[in-house]
Amino acid sequence: MPDPIRFAYAFLFPDGTKKEFDVRLDPDTLGLLAPTDAPKPAWTRLHYHQCENCPLGDEVEHCPVAVNLATLVETFKDAVSFESTTVRVQTAERAYEKDTSLQKGLSSIIGIYMVTSNCPVMDALRPNVRFHLPFASMDETIYRAVSMYLMAQYFLMRKGRPPDWELKHLGETYQAVAKVNQGMSDRIRHATAEDANVNAVIILSTQGCMVPTYV
């Protein structure tokens, strides 16, 4: 069996506190390899501030995105956005490190959790996580989104299916994702005391909303 794809995040704070999150993905499906005893607090239930475009029905008890985020959100539920932190990310190929605000550091790892959750809407962005770039700038985000989409269209063409060279459906995808980001922001806002987690999702949403304006 091939080894999982791993992103080891560490948040280091001025007072010496260190918070670590070992993100492991299935190398074939890119789904999150979550522990079987992962917490499912009340705010992860599907109908708790459910996203307006959620396609899941009553047969699903918990929002898959919320479940993926639960440990992270609970860890930082009392943290403020602009708290200073050093974020280190170790992958199989290289290491990244940045002195930044907590909200920006959280935004980077939250992006992984959201697209690897088996949410039918967020699944459209899952291929991007294979080449996850921590602390990506707006230009880098747009470049990765567009280039990945165009590559997908090439392989669709090779299989005899109609490609979308005009990127019409890419904008639609990110509009749907924006609604999930809004729903998750509302969900987390009601589940936490401070704003670090909420603002991290808002940062992701802002970057995603910029993609359709460039295509």
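Every read-out reported here was derived from the displayed coordinates using simple, explicitly stated rules and does not represent laboratory data. All of these numbers come straight from a predicted model, not from anything done at the bench. Positions of Cβ are backbone-derived with ideal geometry, glycine not excepted, and every protein chain shown enters the neighbour counts.
Here the gap between Asp15 and Phe131, fully extended at 0.36 nm per residue and compared with their Cα-Cα distance, gives a gain of 38.5 nm. Computed from point charges on the beta carbon alone (+1 for Lys and Arg, -1 for Asp and Glu), the dipole magnitude for the range 1-140 about its Cα centre is near 240 Debye. Using the Cβ-Cβ distance between Met148 and Thr75 with R0 set to 25 Å, the FRET efficiency from 1/(1 + (r/R0)^6) comes to roughly 0.25. When peptides 95-104, 8-17 are ranked by their average number of other Cβ atoms within 10 Å per residue, the highest-first order is 95-104, 8-17. Working note: 222 nm ellipticity from helices only, DSSP H runs with n ≥ 4, each -39,500 (n - 2.57), summed and divided by the residues of the chain, gives -13000 deg cm²/dmol to the nearest 500. Measuring between alpha carbons in the structure, the pairs from Lys40/Lys179; Lys77/Lys98; Lys98/Lys168 lying more than 32 angstrom apart are Lys98/Lys168. Sequence-ordered 3J(HN,Hα) estimates for the range 165-177 from the Karplus curve with 6.51, -1.76 and 1.60 and θ = phi - 60° stand at 5, 8, 6, 5, 7, 5, x, 5, 4, 6, 5, 5, 5 Hz, glycine and proline given as x.
Helix 102-115 and the longest principal axis of the Cα set of the chain meet at an angle near 50°. Note on Glu140 and Lys40: their simple-model spin labels are 3.6 nm apart, each label 7 Å out from Cα toward Cβ. Sparsely packed loop sites in the range 153-215 (the GluC sites (Glu not before Pro) outside DSSP H, G, I, E and B with at most 16 other Cβ atoms within 10 Å) comprise Glu166, Glu194.
If you average 1/r over all unlike Cα pairs in the chain and invert the result, what Kirkwood radius do you get in angstrom?
Taking the inverse mean of 1/r over all distinct Cα pairs, the chain comes out at 17.9 Å.
What the pair-distance distribution of the range 70-196 shows, using all Cα-Cα distances binned every 5 Å from zero, is 2, 9, 16, 20, 19, 15, 9, 5, 3, 1, 0 percent. For the range 126-197, trypsin sites (Lys or Arg not before Pro) meeting the loop criterion (DSSP other than H, G, I, E, B) and having at most 14 other Cβ atoms within 10 Å: Lys159.
The HN-Hα couplings worked out from phi for the range 197-203 by the Karplus form 6.51 cos²θ - 1.76 cosθ + 1.60 (θ = phi - 60°) are 5, 4, 5, 5, 5, 5, 4 Hz, whole numbers, x standing for Gly and Pro. Counting every pair of alpha carbons in the range 104-152, the share spaced more than 17 Å apart comes to 33 percent. For Gln50, no residue 5 or more places off, or on another chain, has a built amide H under 5 Å of its own. Based on alpha-carbon atoms, the Kirkwood radius and the radius of gyration of the range 1-122 give Rg/Rh equal to 0.98.
Model label sites at Tyr96 and Tyr48, defined 7 Å from Cα along the beta-carbon direction, differ in position by 2.9 nm. Helix 64-75 and the longest principal axis of the Cα set of the chain meet at an angle near 30°. The range 163-188 and the range 72-130 have their alpha-carbon centroids 18 Å apart. Other residues whose C-beta falls under 12 angstrom from the C-beta of Asn53 contribute a net charge of -1, scoring Lys and Arg +1 and Asp and Glu -1. With respect to the chain, whose longest principal axis is taken over its alpha-carbon atoms, helix 138-158 is tilted by about 40°.
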